[in-house]
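Below is one structure, written out as structure tokens; comments come after it.
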């Protein structure tokens, strides 16, 4: 890919709102993932991803000619038995913002399940989600790609 | 900022806007999407891009700012002279 091609392809992807992470592929597979548009620089055909906490320190540097394609995560297929990025985020966003809020469950392919009993008990940022457990239990981070199901929790009727 | 003031300032921001929490320490937390957040009991928890979980207390917040998402064009320069 030329510097111009990289620029023209990358710019609209970084301007998306909500932002969707972008996988940068080289000839032999994925090179890096852009998770934050504001920590991404492109200068003279060099793509630089900056460190999250350490100012301008680069964590990955890639030349345009090394890049074969850019793949937004919502264009990637789902892992077997799991929801795709697009499917998960559509479901999660709708349930997170539902008014009135209704508790919902997120199930992972490994059998774990997390119930969001209140808005925000599960938070999501791109490829990752964090479940906040009850006080003293701590929190669990999981990958969105491992989610097999998201659904409203159905109330159980008393006998 | 008191938790009450914090809640009111936060609620006044349109749901799709970028939120900037400016802390008394000078540190800024930029939240692009509200679903990264959980606010409860005066504590604001958020998920970072690498899945790390962070939090700050409402009382540590000096200002809550709303801003439109700025364009990326300044950050993407194909060449030093601005030409492709």
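Here, each number is a calculation from the coordinates, and none is a lab measurement. Keep in mind that this is a model prediction, so the values were computed, not measured. With ideal geometry, Cβ positions are generated from the backbone for all residues, glycine too; neighbour counts draw on all protein chains shown.
What to note about this one:
- Sorted peptide list for B:45-55, A:117-127, criterion being average Cβ within 10 angstrom, highest first: A:117-127, B:45-55
- Between 0 and 90°, nearest 10: helix A:3-14 axis offset from chain A longest Cα axis: 20 degrees
- Calculated SAXS-style log₁₀ I(q)/I(0) at q = 0.08, 0.10, 0.12 Å⁻¹ - the protein assembly as shown, Debye, Cα scatterers: -0.35, -0.54, -0.77
- Inter-chain Cβ neighbour count for A:113-125, averaged per residue, equals 4 (cutoff 10 Å, partner chain atoms only).
- Degrees between helix A:85-97 axis and first principal axis of chain A (Cα, 0 to 90, nearest 10): 50 degrees
- Residues of the range A:62-89 with amide N under 16 Å of the 7 Å Cα→Cβ point at residue A:27: A:63-69
- Centre-to-centre separation between the Cα atoms of the range A:102-149 and those of the range A:17-81: 25 Å.
- Length gained on full extension, residue A:75 to residue A:87: 3.3 nm, using 0.36 nm per residue less the C-alpha separation.
- At R0 = 45 Å, FRET efficiency that the Cβ-Cβ distance of residue A:157 and residue B:8 yields, to 0.05: 0.70
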